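Colleague: Structure below; questions to follow.
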Amino acid sequence: MARAPTLAAVLQAYYALVTLAALASTQLPFLARWARFGKLHHAAAREPAAHWLTAALDVRVPKRRFVHFYVLGCATCAATIAAVLRAGGACALLRGVPAARAPSAPGADSALCLAMLCAHVARRLYECVRVERPSGEMHVLAYILGLSYYALLPAAAVAECVERPRAAGGGGASWMAARRLGALGVYAWASVHQHRCHRILAQLRAPPPPGARAAPRYRVPYGDWFAHASCPHYLAEALIYAALVLAKPRDATLGALVAWVLVSHAINARRAHAWYRATFGHYPRSRAALVPGVF
């Protein structure tokens, strides 16, 4: 009898599939149409669909439903943390390994990654509720993808530890401590800048003072990392996820997760950068799409 696929294998296949779909959206117009949201979806919605089936399937939902992603993410994070604590450690989860026998290095690395992911999702939930003012739309398939992504996200932090408890991060105690501190430093630095960038974007849509003329629907953002890139909030997100690989460099599941984040954010940043340049004649030409001086 064939063995059932492991949790790590399922997650890696999922991230590979969505990464390939994101890459395919750069060549297939109907996928690109479905992948866009917010201001990019407004622009795509004004373009006639190339095929009647594409038009029939062009079902949109309000972008404010992004909050559902983070509510679900917080719920699955809480459930995963509870399961880890109940099992006696990240490496004991789903294996029935007593905590005393679970190797400390990979367990600590998995716990660190899980904590960073859960803190990130909780902050994004706060921003969705208290900071952001979404007014655009997204395709229903993008909404379903987002729900599936955040439902599975916490499992990515512990799947490899569950499947391969001896696969530690590598190096001695000093190297492990430096690696974890470095991961926390990158994570904190990127999180602060992402929060600032999200506040800048939200302020662009602040209601005008009484009696004042309404502001344009979209404006050019300035401040913080926007001085160097069109989508610095995507760059910060990529750095946040890169911190996971720094914390646990031998984890193939986290590697697949980070690859998906990098590819999808690079594609979205390129589209947003092109939109800014086409929409605003005075848009700063020195800004990169995502990484200053590189992309």
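Colleague: Of the peptides 239-252, 184-197, how do they stack up when ordered by the mean number of other Cβ atoms within 10 Å, highest first?
Modeller: Listed from highest to lowest mean packing, they are 239-252, 184-197.
Colleague: Please list 3J(HN,Hα) in residue order for segment 78-83, calculated via the Karplus relation 6.51 cos²θ - 1.76 cosθ + 1.60 where θ = phi - 60°; whole Hz, with x for glycine and proline.
Modeller: These are the phi-based 3J(HN,Hα) values: 4, 5, 5, 4, 4, 5 Hz.
Colleague: Please give the FRET efficiency for Leu181 paired with Leu85, using the beta carbon to beta carbon distance and R0 = 25 Å, rounded to the nearest 0.05.
Modeller: 0.55
Colleague: Further, regarding this structure: What whole-number distance in Å separates the alpha-carbon centres of segment 110-144 and segment 223-260?
Modeller: 15 Å
Colleague: A follow-up question, please. Starting from the 7 Å offset along Cα-to-Cβ, what nm value, one decimal, do you get for the label separation of Ala16 and Val140?
Modeller: Label at Ala16, label at Val140, 3.1 nm between them.
Colleague: Here's something else I'd like to know. Taking a spot 7 Å from the Cα of Ala188 along the direction of its beta carbon, which residues of segment 109-138 have an amide N less than 20 Å from it?
Modeller: Correct set: 109-124.
Colleague: Sort Glu137, Glu132 by Cβ crowding within 10 Å, fewest neighbours at the top.
Modeller: Glu132, Glu137
Here, each number is a calculation from the coordinates, and none is a lab measurement. Everything numeric here is computed off the predicted structure, so don't read it as measured data. Every residue, glycine among them, receives a Cβ derived from its backbone with ideal geometry; neighbour counts consider all protein chains shown.
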